[in-house]
Amino acid sequence: MAADIAANIASVRARVAEAAVRAGRDPADVTIVAVSKTVGVDTIREAVAAGLTDLGENRAQEFRDKYGLLGPLAHWHFIGHLQTNKVKYLVEKVNLIHSVDGMAVAAEIDRLSKRAGLQQRVLVEVNVSGEASKSGVGAGEAMALVDSLRPLENIKVSGLMTVAPLTDDPETVRPYFRRLRALFADIAGRAWPEVEMRYLSMGMSGDFPVAVEEGANVIRVGTAIFGPRK
């Protein structure tokens, strides 16, 4: 298993490098977040031993349980839909929360971060495709949400995230990635001192090369590293 994971990681890195070169970018600028949802802790340890530095979880309680066993083994990312009552499992433990989509959850992150004496980095999740099945603020409302988060002193808006539609042809989702990158640039252009447009999180196992070509500097890859989920 360890050899398979190491080979998969090498393959993902090679594909990232190829996509970055096509776009005239430095492959080192792209962070690979290994999505470890449903993956056992021994397998996660193997992936970290093979060189992975960033892990992503979709479910707050699953993250809580894994963190209890693994601790700060890597940089942890929370990438799933976040309910207000689950924020308590994340603060002080995750490096980056990718999925802020409203004031209520942001305010709770701010409150608990203030109590912990820290500033939590977050991304605003944008539902670029407008699919009803997906979380995230609409593309037309993202700028206003970022603006409304600025007074919260214990969170730091550090970029944007999206989940593209599932497809067998990655080229069909290129326009969604391109639109998020344009929105990212628009917000950065405001030069708000409380906002840091640093991370553009987009692309998963089926479409990450296209996402990298369109400017992603964080990709979230699960099955391409760990294999099909049970």
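The values are calculated or read from the model by the stated rules, or taken from the named source; none is laboratory data. All values reported here derive from a predicted model rather than from experimental measurement. Methodologically, a virtual Cβ is constructed for each residue, glycine included, from the backbone with ideal geometry; neighbour enumeration extends over all protein chains shown.
Of note:
- Count - residues of the range 89-127 that are outside any strand (DSSP E or B) and in contact with a Gly (Cβ under 8 Å, 6 or more places away or on another chain): 1
- Sole residue being exposed (fewer than 13 other Cβ atoms within 10 Å of the Cβ), at pLDDT below 95 and more than 20 Å from Gly215 (Cα to Cα), chosen from Ala104, Ala10, Ala3: Ala3
- For the range 177-230, the tally of residues that are in contact with a helix residue (DSSP H, G or I) (Cβ under 7 Å, 6 or more places away or on another chain) and of a type in the set (Lys, Arg) stands at 1.
- Of the residues making up the range 88-118, those that are closer than 23 Å to Leu70 by Cα, of a type outside the set (A, V, I, L, M) and touching a helix residue (DSSP H, G or I) at 6+ places or on another chain (Cβ under 7 Å) are Lys88, Tyr89, Glu92, Lys93.
- Residue ID - nearest to the chain's Cα centre (by Cα), chosen from residues in the range 13-29 that are farther than 17 Å from Pro170 by Cα and small (Gly, Ala, Ser): Ala28
- Counted residues, the range 130-145 - those being closer than 16 Å to Ala104 by Cβ and either in a helix (DSSP H, G or I) or of a type in the set (S, T, N, Q) (or both): 3
- So Gly117, is it farther than 16 Å from Leu183 by Cα, exposed (fewer than 14 other Cβ atoms within 10 Å of the Cβ), out of contact with any Cys (no Cβ under 8 Å at 6 or more places or on another chain) and not hydrophobic (A, V, I, L, M, F, W, C): yes
- Residue count for the range 47-88, restricted to those that are of a type outside the set (D, E, K, R), in a helix (DSSP H, G or I) and free of Cβ contacts under 8 Å to residues at least 60 places away in the same chain: 12.
- Matching residues, the range 182-207, being polar (S, T, N, Q) and buried (at least 20 other Cβ atoms within 10 Å of the Cβ): Ser201
- When Glu171, Glu196 are checked against the criterion of being in a helix (DSSP H, G or I), under 29 Å from Ala23 (Cα atoms) and not β-branched (Val, Ile, Thr), a single residue qualifies: Glu171.
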